[in-house]
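Scroll down for the structure; my scribbles are underneath it.
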Amino acid sequence: MRFRTKVLDWIIKKYMPEIPCQPVMWTLESVYLARAYYVAAQLGIADILAKGPLSIAELARETQTHEPSLYRVMQALAAFGVFAEAKYGKFEMTWRARQLQSGVEGSVRAWIIWIGAQQNWAGFGPVLESIKTGINSFQLAHHKDVYPFMRENPDYAAKLVAGMNDWTAWQGRMIVDSYDFGRFGKVVDVGGGQGRLIIEILMRNPQVKGMLFDQSYSTGAAQVNVNAAGLGNRCEVVAGSFLESVPEGADAYVIKHVLRDWPDEKARVILTNCHRAMKHGGTLLVIDGVIDPRNRTDRLQKLLNLEQLWSVSGELRSLAAWRTMLRETGFVVGDIHPTGIVDASIIEAKRLDD
């Protein structure tokens, strides 16, 4: 069997060499795979198929879609193992499809829906002008930056918050596995969204008290989640802007995937506000990417860095850049704790004057 495999490999390499442009084609065509994921997530295909296999005709009726068009989407997703086409032409779930289900562990359905939102895709249109001008392409497309846009478009903001909630739900477990939060009396999650991370911290460390601090469009859902977790007596939910101030007096300030959304001057403002709020002996935990500046490394983070460039004028930063920015705002970097998440290292920092 092994000999036959080797012979087959030799025949393929000799008589069917890779077309030179094929790697480029795979890369460019993957944009359509992303759109297929979005369609499946938006239509709730995985929620429907979780009840049992269905034919494409049945799926089209359930989703009120055009049957031949839906079939092409399902065929493409099945080619990548997201769904499977079983006997008698019926489509069924695979383990990958669980990530498209609602309300199950590991789901990123809401994140896929946000990534696929029409406003975001429109924002990627003017990327060439963005590179020429330095203005992020979302702003060029919508004539305002993403945060003012969110304030004026609550439906769009709700999609982002729900997407971040999905993402943090599984990341939170890995982050809490990677760091001892139990040594703090009180932890403030700065920009904590709907509360998935602070809830995970408090559930694992019953002696710790917490606070979630974020914009008002997040805090309503955060309060619901905190109460549902039975943490209403241990976790405050406070609305405000970290560009203006941060609640005072906690032992640790956690700031996850926030600073990447801001250019250096705004990121320094946020860090300075954390420094002002922090008591002596406190700890700052920046949970974010630490990008490797060398070539041919860190490919996923470098793609994420393009997303930041084109959507919010922010960036992922190298360790040297983090050290410089934190020193300029009154902190010194201590240990760096990996989490197993490619863009979520825990950078531990202390006040320089401690």
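The values are calculated or read from the model by the stated rules, or taken from the named source; none is laboratory data. This structure is a prediction, so every number in the text was calculated from the model and none was measured. Neighbour counts run over all protein chains shown; Cβ positions are idealised from the backbone, glycine included.
Of everything in region 330-354, what is touching a His at 6+ places or on another chain (Cβ under 6 Å) and not aliphatic (A, V, I, L, M)? Give them in sequence order.
GLY330, ASP354
Of the conditions (1) in contact with a Phe, Trp or Tyr (Cβ under 6 Å, 6 or more places away or on another chain); (2) within 30 Å of ASN225 (Cα to Cα); (3) modelled with pLDDT under 95, TYR147 satisfies every one except a single condition; which number is it?
Going through the list (1) in contact with a Phe, Trp or Tyr (Cβ under 6 Å, 6 or more places away or on another chain); (2) within 30 Å of ASN225 (Cα to Cα); (3) modelled with pLDDT under 95, TYR147 breaks only (1).
Would you please list the contacts, defined by Cβ atoms under 7 Å and residues six or more apart or on different chains, that run from a residue in region 303-322 that is touching a residue at least 40 places away in the same chain (Cβ under 8 Å) and part of a helix (DSSP H, G or I) to a residue that is buried (at least 18 other Cβ atoms within 10 Å of the Cβ) and aliphatic (A, V, I, L, M)?
Here the result reads GLN308/LEU316; SER311/VAL146, each pair linking region 303-322 to a residue that is buried (at least 18 other Cβ atoms within 10 Å of the Cβ) and aliphatic (A, V, I, L, M).
Report those helices (runs of 4 or more DSSP H) wholly inside region 124-238 carrying at least 3 residues which are in contact with a strand residue (DSSP E or B) (Cβ under 7 Å, 6 or more places away or on another chain).
Result: 196-204, 216-228.
I'd like to check something: does region 287-303 contain any residue that is among the aliphatic types (A, V, I, L, M) and either surrounded by fewer than 15 Cβ atoms within 10 Å (Cβ to Cβ) or modelled with pLDDT under 95 (or both)?
Yes, some residue in region 287-303 is among the aliphatic types (A, V, I, L, M) and either surrounded by fewer than 15 Cβ atoms within 10 Å (Cβ to Cβ) or modelled with pLDDT under 95 (or both).
Could you look through region 323-354, keep only residues that are of a type in the set (S, T, N, Q) and not in a helix (DSSP H, G or I), and pick out the one that is nearest to GLY125 (Cα to Cα)?
Out of the qualifying residues, it is SER345.
When you scan region 1-107 for helices (runs of 4 or more DSSP H) that lie fully inside it, which ones turn up with 3 or more residues that are surrounded by 10 or more Cβ atoms within 10 Å (Cβ to Cβ) and at pLDDT 95 or above?
Once the helices (runs of 4 or more DSSP H) in region 1-107 are filtered for at least 3 residues that are surrounded by 10 or more Cβ atoms within 10 Å (Cβ to Cβ) and at pLDDT 95 or above, what remains is 22-43, 45-49, 56-63, 67-79.
Within region 323-331, is there a residue that is in contact with a helix residue (DSSP H, G or I) (Cβ under 9 Å, 6 or more places away or on another chain), free of Cβ contacts under 8 Å to residues at least 60 places away in the same chain, closer than 24 Å to VAL187 by Cα and surrounded by 13 or more Cβ atoms within 10 Å (Cβ to Cβ)?
So far as region 323-331 goes, yes, one or more of its residues are in contact with a helix residue (DSSP H, G or I) (Cβ under 9 Å, 6 or more places away or on another chain), free of Cβ contacts under 8 Å to residues at least 60 places away in the same chain, closer than 24 Å to VAL187 by Cα and surrounded by 13 or more Cβ atoms within 10 Å (Cβ to Cβ).
Taking the criterion of being closer than 23 Å to LEU197 by Cα, at pLDDT 95 or above, touching a Leu at 6+ places or on another chain (Cβ under 7 Å) and not in a helix (DSSP H, G or I), would at least one residue in region 257-274 satisfy it?
no
Given the condition of a type in the set (A, V, I, L, M), within 17 Å of the chain's Cα centre (by Cα) and in the same structural domain as ALA228 (by TED's automatic domain parsing), answer yes or no: does some residue in region 198-205 qualify?
Yes.
Give me the pairs, please: first residue somewhere in region 141-152 and outside the structural domain of SER313 (by TED's automatic domain parsing) and among the small types (Gly, Ala, Ser), second residue anywhere and exposed (fewer than 15 other Cβ atoms within 10 Å of the Cβ) and not in a helix (DSSP H, G or I), beta-carbon distance under 6 Å, and either six or more positions apart or on two chains.
Partner pairs satisfying both residue conditions: ALA141/GLY125.
State all residues of region 312-354 that are more than 30 Å from LEU140 (Cα to Cα) and aliphatic (A, V, I, L, M); if no residue qualifies, say none.
The answer is LEU319, ALA320, LEU326, VAL332, VAL333, ILE336, ILE341, ILE346, ILE347, ALA349, LEU352.
How many of the residues making up region 74-83 are touching a helix residue (DSSP H, G or I) at 6+ places or on another chain (Cβ under 6 Å) and farther than 16 Å from ASP47 by Cβ?
Number of matching residues: 2.
Identify, please: which residue in region 240-268 is among the aliphatic types (A, V, I, L, M) and over 22 Å from the mean Cα position of the chain (by Cα) and is, among those, nearest to ILE347 (Cα to Cα)?
The residue in question is ALA252.
List the pairs whose first member sits in region 55-67 and is in the same structural domain as GLN42 (by TED's automatic domain parsing) and without any contact (Cβ under 8 Å) to a residue 12 or more places away in the chain, whose second member is aromatic (Phe, Trp, Tyr) and assigned to a helix (DSSP H, G or I), and whose Cβ atoms are under 9 Å apart, counting only residues at least 6 apart or on separate chains?
Sorted first by the residue in region 55-67, then by its partner, the pairs are ALA60/TYR71.
Give the residue, chosen from ALA239, ALA228, ALA221, that is surrounded by 15 or more Cβ atoms within 10 Å (Cβ to Cβ), free of Cβ contacts under 8 Å to residues at least 60 places away in the same chain and over 28 Å from GLY334 (Cβ atoms).
ALA239
Conditions first: (1) under 27 Å from GLN139 (Cβ atoms); (2) surrounded by fewer than 21 Cβ atoms within 10 Å (Cβ to Cβ); (3) in contact with a strand residue (DSSP E or B) (Cβ under 9 Å, 6 or more places away or on another chain). ILE255 passes all but one, so which condition is the exception?
(2)
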